[in-house]
Amino acid sequence: MIRMKVLLAVFFSLLCGVMGAQQFPFTLANEELIFSFQMPSGKTCSISVEKYQEYIIYRYGTKERIELQYPAVFDQSWELFTLETYSRGGGAANEGLSTEYLSFINNRYKYIIYEEYSAVSDKTYVGIRIITPDGDEIELEGIPETKKGSIGKLSSDEYPIEDTYY
């Protein structure tokens, strides 16, 4: 199973490299960074929003090579993303936690960018979960110490995305 996940991750990287390679920074001058973090591989995952909320954009790769940008066309981009948040207070005694997920589907693969906090461990977790068309799950853990911003910022009334509050 681990070997399959590794092979799928390699396939995913190659597929994205062929299909979505572009040259530009992660957040353009007319965009606001919402959330980003580094991967152990040195790649960056970022979510940005056009300053007047015209679109939302996901980018993944290095500064030299964006491997995946979603969506490719910005029209109605907000409708292509799903926001899910949940929070349970009460600290460690109540197993408090906060989960924030932003997801989209690209070429039958579901991408879930996540930010999770556990009061029990007092740790934040960030990363990308990819669910393949066959239902296999690939977990790409990010480096929490490199986190900038928060997915939860999108749940404010300022942005035209519905929070499903699962």
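A few notes on this one:
- Identity of the residue in the stretch 112-136, of a type outside the set (A, V, I, L, M), without any contact (Cβ under 8 Å) to a residue 60 or more places away in the chain and over 25 Å from Ala92 (Cα atoms), that ends up surrounded by the most Cβ atoms within 10 Å (Cβ to Cβ): Arg129
- Qualifying residue in the stretch 93-111 (condition: crowded, with 17+ Cβ neighbours inside 10 Å and either in a loop (DSSP other than H, G, I, E, B) or at positive phi (or both)): no
- Residue match in the stretch 128-151 (condition: under 18 Å from Ser87 (Cα atoms) and assigned to a helix (DSSP H, G or I)): yes
Residue-by-condition table, conditions (1) at pLDDT below 95; (2) farther than 17 Å from Glu31 by Cβ; (3) among the basic types (Lys, Arg):
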residue	(1), (2), (3)
Val73	yes, no, no
Leu80	no, no, no
Gly91	yes, yes, no
Ser98	yes, yes, no
Ser103	no, yes, no
Glu116	no, yes, no
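- Looking only at the stretch 38-80, and only at residues there that are in a loop (DSSP other than H, G, I, E, B), in contact with a Ser or Thr (Cβ under 8 Å, 6 or more places away or on another chain) and among the hydroxyl-bearing types (Ser, Thr, Tyr), the one that is surrounded by the fewest Cβ atoms within 10 Å (Cβ to Cβ): Thr62
The values are calculated or read from the model by the stated rules, or taken from the named source; none is laboratory data. These numbers were taken from a predicted model, which means no experiment stands behind them. Don't worry about glycine lacking a Cβ; one is built from the backbone with ideal geometry, like all the others, and counts go over all protein chains shown.
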